[in-house]
Amino acid sequence: MKHSEQLLKLKNTENWDVIIIGGGASGLGTALDAASRGYKTILVEAVDFAKGTSSRSTKLVHGGVRYLEQGDIHLVREALKERGIMAKNAGHLVKNQSFVIPNYNWWGGSFYTIGLKIYDLLAGNLSLGSSKYISKKKAIEMLPNVEENGLVSGVIYHDGQFDDSRLAINIAQTAVEKGACVLNYIKAIDLLKDDKNQVIGVQVQDHETGNKYDLKGSAIINATGVFTNAIMKLNDKVYKKYIVPSQGIHLVFDKSFLPGEHALMIPKTSDGRVLFAVPWHNRIVVGTTDTLIKKHSLEPIALESEIEFVLKTAQHFLAKKPTRADVLSVFAGLRPLAAPKEEGKSTKEVSRSHKIIVSETGLITITGGKWTTYRKIAEDIIDKAIATGKLPEKPSVTENLAIHGNKATTTLDRENHLYIYGVDIPKIIELQQNDSQLKEKVHPDHEFTMAEVVWAIRYEMARTVDDVLARRVRLLFLDARAAIQSSEKVARVLAKELGHNEAWVNKEILNFKKISKGFLLPEFQ
């Protein structure tokens, strides 16, 4: 997947069947669904793939225990089915993760055991393992740092865990292999309409050269997540809100705060949210919050109240209490929730299921949704384009379509940090063998090597330090200080690979420092 080749494809194609604006989970999934059905497909992303919400998730592939409690059985069943499909099609990235719920009251054990048995039943033959009640002793054994004071028992259940932006890149690669044209740093700046006010294309601008292109197509799809309203402004004369952004934050800690293989799940925190502490790339990710946000941005910043809430809750349930100084990274993401019909609904009640809106202009917009159901959402979008007469009918084939990199990956395989590359692992090792400089680590305290950086630039369309350190190699999410310390090294490799000068390098380092500030607590910026 090379930027130059994709750009050439954009320039040499007059008409497309499907044009997708937005390169997050829903957009990339739609590009893959469309291209694999045989439609001539192009996707444009204004910044980088999964730059927004899709790289900032809780890293779970799950049915959503919380939606079960709200009685949204349909959403849970659909998500559990998709969880199974994702584990089969992206085996290198999706793993079975056991979760332990510690109970601090006598009724919790049986209450959650019954609920999770229903969860297992809904998963059917795609279940990852059965839920069961465990003793206090067993709960302490499985969660070595759990708060023992007042602990009565525990419940264990299974869900999926994955690397979000790595999956996004692999979906983009798969779409390209199926014939799609997929480009980052190409921004949609206008919608092209005919004299009947029907959308017939998109005007885009290349971020790097400033060149503009008019793309013409049959089905135009808006998959811009929290930026949906901005595209809708280009589309509608009458403006209304289609999405409300809700922010969720996560704090990342060293593994010592939750040693072992099991994740911790608190079904009811002081504000009624669910709290997860999940092992991820040899760290612990703790979150999340749900805060309605007035305005959206590309780099959302965790609010002080959110940081305090996650920290306090983690301290409450962990015997080794994490402090602000222990936070390696903090990341905030915005959920593009479909706007409720009535004002003032709480975000807990705003449906997590996706909505597809077909405007009078013919523009197809996706709102809501979550990573776990990205494939089903994409299938629904293209089915909707067929139903509205924009495309000839062809069936979706993604249910049994392997994602680039897919291979069965064991716990033992995962001990080598390169496991996320799946079938591409030998190629990265070959890069290291052919050039000893590429064996060098990106940062002395982390396993990532310079070969991964070069791989990201050559075959995964990384264009900036942020692309490399935030979404290809996940260093910014795992250890923000280490990422800042590695930025110059990475900028120089980018400049060498892409032909940039010293001025570009300096600008790039400054830009990355600005971005990474948001991943540090204020007192450490």
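The values are calculated or read from the model by the stated rules, or taken from the named source; none is laboratory data. This is a predicted model, so every value here is computed, not measured. So basically every Cβ, Gly included, is an ideal-geometry build from the backbone, and we count neighbours across all protein chains shown. With ligands, DNA and RNA removed, areas are computed over all heavy atoms of the protein, side chains included. Shrake-Rupley method; radii C 1.70, N 1.55, O 1.52, S 1.80 Å.
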### Query
Residues in the range 221-243: is at least one among the small types (Gly, Ala, Ser), in a strand (DSSP E or B) and touching a residue at least 24 places away in the same chain (Cβ under 8 Å)?
no
### Message
With the structure loaded, tell me whether Leu151 is in contact with a Pro (Cβ under 9 Å, 6 or more places away or on another chain) and either without any contact (Cβ under 8 Å) to a residue 40 or more places away in the chain or aliphatic (A, V, I, L, M) (or both) or whether it fails that test.
### Response
yes
### Query
Quick one: in the range 256-275, which of the residues that are of a type in the set (Gly, Ala, Ser), over 25 Å from Gly368 (Cβ atoms) and part of a loop (DSSP other than H, G, I, E, B) is most open to solvent (accessible area, probe 1.4 Å)?
Ser270
### Message
If I ask for residues that are of a type outside the set (Gly, Ala, Ser) and under 30 Å from Thr365 (Cα atoms), which ones from the range 240-270 would you list?
### Response
Lys240, Lys241, Tyr242, Ile243, Val244, Pro245, Gln247, Ile249, His250
### Message
Please pick out the residue among Asp383, Asp435, Asp413 that is more than 26 Å from the chain's Cα centre (by Cα), among the acidic types (Asp, Glu) and open to solvent by 40 Å² or more (accessible area, probe 1.4 Å).
### Response
Asp435
### Query
Just wondering, is there one or more residues in the range 458-465 that are open to solvent by less than 40 Å² (accessible area, probe 1.4 Å) and more than 17 Å from Lys507 (Cα to Cα)?
yes
### Task
Return a yes/no flag: does the range 88-103 have any residue that is over 25 Å from the mean Cα position of the chain (by Cα) and modelled with pLDDT of 90 or more.
yes
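Residues checked against (1) open to solvent by 10 Å² or more (accessible area, probe 1.4 Å); (2) farther than 30 Å from Leu128 by Cβ; (3) in contact (Cβ under 8 Å) with a residue 40 or more places away in the chain; (4) assigned to a strand (DSSP E or B):
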{"residue": "Glu5", "(1), (2), (3), (4)": "yes, yes, no, no"}
{"residue": "Leu10", "(1), (2), (3), (4)": "no, yes, yes, no"}
{"residue": "Ile42", "(1), (2), (3), (4)": "no, yes, yes, yes"}
{"residue": "Leu68", "(1), (2), (3), (4)": "yes, no, yes, no"}
{"residue": "Val76", "(1), (2), (3), (4)": "no, no, yes, no"}
{"residue": "Lys81", "(1), (2), (3), (4)": "yes, no, yes, no"}
{"residue": "Phe99", "(1), (2), (3), (4)": "no, no, yes, yes"}
{"residue": "Asn105", "(1), (2), (3), (4)": "yes, no, yes, no"}
### Task
Sort out which residues of the range 467-478 are in contact with a Phe, Trp or Tyr (Cβ under 9 Å, 6 or more places away or on another chain) and either open to solvent by 10 Å² or more (accessible area, probe 1.4 Å) or without any contact (Cβ under 8 Å) to a residue 60 or more places away in the chain (or both), and write them in order of number.
Leu469, Val473, Leu475
### Query
Out of the range 193-215, which residues are without any contact (Cβ under 8 Å) to a residue 12 or more places away in the chain and open to solvent by 60 Å² or more (accessible area, probe 1.4 Å)?
Asp195, Lys196, Thr209, Asn211
### Task
Scan the range 216-226 for residues that are surrounded by 23 or more Cβ atoms within 10 Å (Cβ to Cβ) and either charged (D, E, K, R) or at negative phi (or both) and jot them down.
Gly217, Ala219, Ile220, Ile221, Asn222, Ala223, Thr224, Val226
### Summary
Considering residues that are at pLDDT 95 or above and assigned to a loop (DSSP other than H, G, I, E, B), the number found within the range 327-358 is 2
### Message
For the range 487-525, which positions are within 27 Å of Glu304 (Cα to Cα), touching a residue at least 40 places away in the same chain (Cβ under 8 Å) and open to solvent by less than 50 Å² (accessible area, probe 1.4 Å)?
### Response
Ile509, Phe512, Ile515, Ser516, Gly518, Phe519, Leu520, Leu521
### Message
Quick check on the range 241-255. Is at least one of its residues among the basic types (Lys, Arg), modelled with pLDDT of 95 or more and surrounded by fewer than 22 Cβ atoms within 10 Å (Cβ to Cβ)?
### Response
yes
